[in-house]
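Every read-out reported here was derived from the displayed coordinates using simple, explicitly stated rules and does not represent laboratory data. No experiment lies behind these values; they were computed from the predicted model shown. Positions of Cβ are generated from backbone atoms using ideal geometry, with glycine treated the same way; all protein chains shown enter the neighbour counts.
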Amino acid sequence: MGSALGSDQLYLPETVSTAAKILIVGHFAVGKTTFVGTLSEIRPLRTEETMTQAGALVDDLAGIEGKTTTTVAMDFGRLTLSERLVLYLFGAPGQKRFTQLWKDMTYGALGALVLTDTRRLDQSFDIMGLLEEHAVPYAVAVNHFDGAPSYPEEEIREALDLLPETPLVTCDARDRISSTQALISLVQYLQTRIPQEQT
Ligand SMILES: Nc1nc2c(ncn2[C@@H]2O[C@H](COP(=O)(O)OP(=O)(O)O)[C@@H](O)[C@H]2O)c(=O)[nH]1
Ligand SMILES: [Mg+2]
């Protein structure tokens, strides 16, 4: 399951001419592993580990007590977005202690989708800061959790201090259509930036 083309596929269609590395980033427990798992047409590579007591001291569990695994390195998946374009999705941990990994993660990345949660918007600042530091353009997707407050788009933009051109969408990381739509918003944004950068 999981191809935007609508069929299971292990091998890429011959028509694919462009591959792009896209980062799926966000704070702890925002839904990165879920997002990559929902979209990947190949069995997603996951590096999860059962959270230890030691990790529980570092990772803030308030409001997400049900979560028993955490990504220690990254998630990897593939999505053929159109006949010509394939995306390689890298889910990157948001915990500050993985900052070193970011240098490698961002290498060659065309863009990033920042997943955020309205209950923890402030935790996205470090991540957006890291992306800006590494010059990776990004779009923001609010991953909607049951019971999380909904705010008007303008308020979220203001709270996150987004530039007017930064795309902001809402998705449910468990839902393939809305997650694909979030990635399409990012890809469209990246396409608008290409001519500017070449001039
Ligand atoms: N209600 C709801 N739960 C979600 C959504 N996305 C992820 N979850 C749940 O939130 C928890 C954390 O998700 P996970 O993908 O492991 O987060 P990660 O730490 O960012 O990789 C898991 O129990 C998911 O099943 C969503 O869109 N809505
Ligand atoms: Mg994860």
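In a DSSP loop and with at most 13 other Cβ atoms within 10 Å, the GluC sites (Glu not before Pro) in region 88-173 are Glu165. The Cβ shell under 13 Å around Glu132 holds other residues with a net charge of -3, Lys and Arg each +1, Asp and Glu each -1.
Per-residue Cβ neighbour counts within 10 Å put His27, His134 in the sequence His134, His27, beginning with the fewest.
Three semi-axes describe the equivalent ellipsoid of region 149-199; taken as square roots of 5 times the Cα gyration tensor eigenvalues and ordered largest first, they are 23, 18, 5 Å. Counting every other Cβ atom within 10 Å of each residue's Cβ, Ser185, Ser179, Ser124 order from fewest to most as Ser185, Ser124, Ser179.
Rounded to the nearest Hz, the phi-derived 3J(HN,Hα) couplings of region 108-124 under the Karplus curve 6.51 cos²θ - 1.76 cosθ + 1.60 (θ = phi - 60°) are x, 6, 7, x, 9, 10, 8, 7, 9, 10, 4, 7, 9, 4, 4, 6, 8, where x marks glycine and proline. Loop only per DSSP, at most 10 neighbouring Cβ atoms within 10 Å: give me the chymotrypsin sites (Phe, Trp or Tyr not before Pro) in region 81-146, ordered by residue number. The qualifying sites are Tyr107. Along its first, second and third principal axes, ordered by size, region 125-169 spans 34, 20, 14 Å in Cα coordinates.
Label sites at Phe125 and Glu83, each approximated as a point 7 angstrom past Cα along Cα to Cβ, lie 4.8 nm apart.
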